[in-house]
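A.B. asks: Below is one structure. I have some questions about it.
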Amino acid sequence: MVTRKGSPRGFRGGWSARLAALAAVAALACLSDTEDTAGTGFGEASADDVMYGVSHNMTKDGIREARLEADSMLMWNDSTHTWVMQMTLRVYNDQGGQRATITADRGRFDMSNNELMAVGNAVLTIPGQDREIRTEVLNFSQQSERVWSDVTVVMREGDCEIEGDRLESDISFDQVRLWGTRERDCPER
């Protein structure tokens, strides 16, 4: 469903759709009162379009590399950036198998180059490696085929937790690097 800014004629679905749109804008207004994290300002909370139940495939040469799903998406006519709320990004390998999942409270998505900045309780799960990475801001770039964070991260690998100052990885998650590492909770080796 898409709701449009302006007169009630732009709304579809009657009062329930209007109330849902109003609730989404009110939720964003609450977010704008919080401290900005990595340039995530919600000062532009009066979106031109709001979509609910969003799903977007990211492809390269006709092959799906990732799928972005969100409860809602906020869009502005004069921007290639959108905000997605309660988002999940599933990253796939060349054979179509899922190689990783990124979840977060919200994300800033650039539709022109398929870059995503996951913000708020961002979690990267790599099931094939029994690895999970938690941080407040996690970036994904399909074009440069990398994932990174420039803020504190906590990586759980097996039974061990390691904290780091920043993270960088390739999109296949074979080259995961942490800087400024500190062991947090690791059993005796």
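A.B. asks: Restricting the search to region 152-171, which residues are surrounded by 15 or more Cβ atoms within 10 Å (Cβ to Cβ), out of contact with any Gly (no Cβ under 7 Å at 6 or more places or on another chain) and among the small types (Gly, Ala, Ser)?
C.D. replies: Ser169
A.B. asks: If you go through region 126-151 one residue at a time, how many are hydroxyl-bearing (Ser, Thr, Tyr) and surrounded by fewer than 16 Cβ atoms within 10 Å (Cβ to Cβ)?
C.D. replies: 1
A.B. asks: Would you be able to tell me the number of residues in region 102-125 that are crowded, with 22+ Cβ neighbours inside 10 Å and under 18 Å from Asp159 (Cα atoms)? Lay out the reasoning, then the answer.
C.D. replies: In the first step, residues of region 102-125 are kept if they are crowded, with 22+ Cβ neighbours inside 10 Å; the result is 102, 104, 106-107, 109, 116-119, 122, 124.
Remaining after also requiring under 18 Å from Asp159 (Cα atoms): 124.
Summing the residues that are crowded, with 22+ Cβ neighbours inside 10 Å and under 18 Å from Asp159 (Cα atoms) in region 102-125 gives 1.
A.B. asks: So, restricting to strands (runs of 3 or more DSSP E) that lie completely within region 74-189, which ones have at least 2 residues that are under 22 Å from Lys60 (Cα atoms) and in contact (Cβ under 8 Å) with a residue 60 or more places away in the chain?
C.D. replies: Qualifying strands (runs of 3 or more DSSP E): 98-110.
A.B. asks: Only residues that are charged (D, E, K, R) and surrounded by 12 or more Cβ atoms within 10 Å (Cβ to Cβ): list them for region 172-181, please.
C.D. replies: Of everything in region 172-181, just one residue is charged (D, E, K, R) and surrounded by 12 or more Cβ atoms within 10 Å (Cβ to Cβ), namely Arg177.
A.B. asks: A further question follows. Give me a count of the residues in region 57-72 that are without any contact (Cβ under 8 Å) to a residue 24 or more places away in the chain and not β-branched (Val, Ile, Thr). First the steps, then the outcome.
C.D. replies: So the first thing to find is which residues in region 57-72 are without any contact (Cβ under 8 Å) to a residue 24 or more places away in the chain, and the list is 57, 59, 61-62, 69, 71.
Filter again for not β-branched (Val, Ile, Thr), leaving 57, 61-62, 69, 71.
Counting residues in region 57-72 that are without any contact (Cβ under 8 Å) to a residue 24 or more places away in the chain and not β-branched (Val, Ile, Thr) gives 5.
A.B. asks: Please specify each residue of region 69-92 satisfying the condition of being within 21 Å of Gly128 (Cβ to Cβ) and of a type in the set (A, V, I, L, M).
C.D. replies: Across region 69-92, the qualifying residues are Leu89, Val91.
A.B. asks: Is at least one residue of region 63-80 surrounded by 18 or more Cβ atoms within 10 Å (Cβ to Cβ) and at pLDDT below 85?
C.D. replies: no
The values are calculated or read from the model by the stated rules, or taken from the named source; none is laboratory data. Since the model is a prediction, treat every value here as computed from it, not as a measurement. Backbone-built Cβ (ideal geometry, glycine too); neighbour counts: all protein chains shown.
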